[in-house]
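The values are calculated or read from the model by the stated rules, or taken from the named source; none is laboratory data. Being a predicted model, the structure only gives us computed values, none of them experimental. FYI the Cβ positions are ideal-geometry reconstructions off the backbone, even for glycines, and counts take in every protein chain you see.
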Amino acid sequence: MNTYTLLQGHCLDVLKTLPDESVQTCITSPPYFGLRDYGCGGQIGLESTPEQFVQSLVDVFAEVHRVLKKDGTLWLNLGDSYAAQRSGTSMPAETLAGGVGGKGNKAAHRGHDGAAGHAHRNASNIGLKHKDLIGIPWRVAFALQQYGWYLRQDIIWHKPNPMPESVTDRCTKAHEYIFLLSKSDRYFYDNEAIKEPVSDTSLKRAEYGWNCDRPSTKNASMGGTGIHTEKMGTRFVNPSGRNKRSVWTVCTKPYKGAHFAVYPTELIRPCILAGSRPGDTVLDPFNGSGTTGFVSMEERRKYIGIDINDEYLAIADARIKSAQVQEQMDF
């Protein structure tokens, strides 16, 4: 059974053809500001200013807002950029370092600031100072909040294997943001599906009575008879696990089928598991190499992917088909 659909075209145009409230969750990583020229007219990411870039994304996610079900969610991965003072209007996009989610080629190029994975626009042209961090993720998040999205959480993607940087006046960048946004104040979120194992420290602490083993409390662990004598046990530690934390440690991993960087499958698997049920439809309007679709197939979801570049869709189609075959073999 065909459970995925790949659509070629500008995401804003294609989204307008999808019916209202037909998608449960959207998981995506848009092109980063000023990072890469895909050779397609009207592409997002090469706007002249951050404000124009932000508005482009607000317009796209207004359509996503429409096609999401009332209890739907948006999981949005965004990286940041630096401004640089130099001659000319901007560094050519093809010489800039890449991002994740199929947004550039990290291995081939480094940024003007010596920072792999960071785009650079001419500072004077965008109203910023040389070496300013542009702050794209939070600009977009606040603009979506202003539109009407509920900005529920900023999740930190911690990269244990970040790209090395030669800069000596700041730290090496080892994180990106994933924003959780919802269409309504009440939305589907499967907390149980992404729970983490309870730490050994917490399990040990559960052996004690309330207020631990301070002598003044005379609790159960000290043989006391006061009001704090009950062992914590499962009242303190849930045997099914603990709530997932907001810092996700996931290594970057290459995908040999693509010549651009992709985000790792284990980064977005929790988004799919928490944001949808088996059989629900997952959307990625910036399909890239099809990572979202690949994991959606593995987790028995339906999938709609949109991309402006037909070559990327061909890569994604082959990749997603491989996941679908594995699903049929397993189930």
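Odds and ends about this structure:
- Flag if GLY34 is crowded, with 19+ Cβ neighbours inside 10 Å and on the phi > 0 side of the Ramachandran plot: yes
- Test for LYS129: is it of a type in the set (D, E, K, R), modelled with pLDDT of 55 or more, assigned to a loop (DSSP other than H, G, I, E, B) and touching a helix residue (DSSP H, G or I) at 6+ places or on another chain (Cβ under 8 Å): yes
- Considered as a group, the residues in the stretch 1-13 that are within 22 Å of the chain's Cα centre (by Cα) and in a helix (DSSP H, G or I) include one that is nearest to ARG300 (Cα to Cα), and that residue is CYS11.
- Qualifying residue in the stretch 47-62 (condition: touching a helix residue (DSSP H, G or I) at 6+ places or on another chain (Cβ under 6 Å) and part of a loop (DSSP other than H, G, I, E, B)): yes
- Positions within the stretch 140-193 being among the charged types (D, E, K, R) and under 14 Å from the mean Cα position of the chain (by Cα), in sequence order: ARG152, ASP154, LYS159, GLU176
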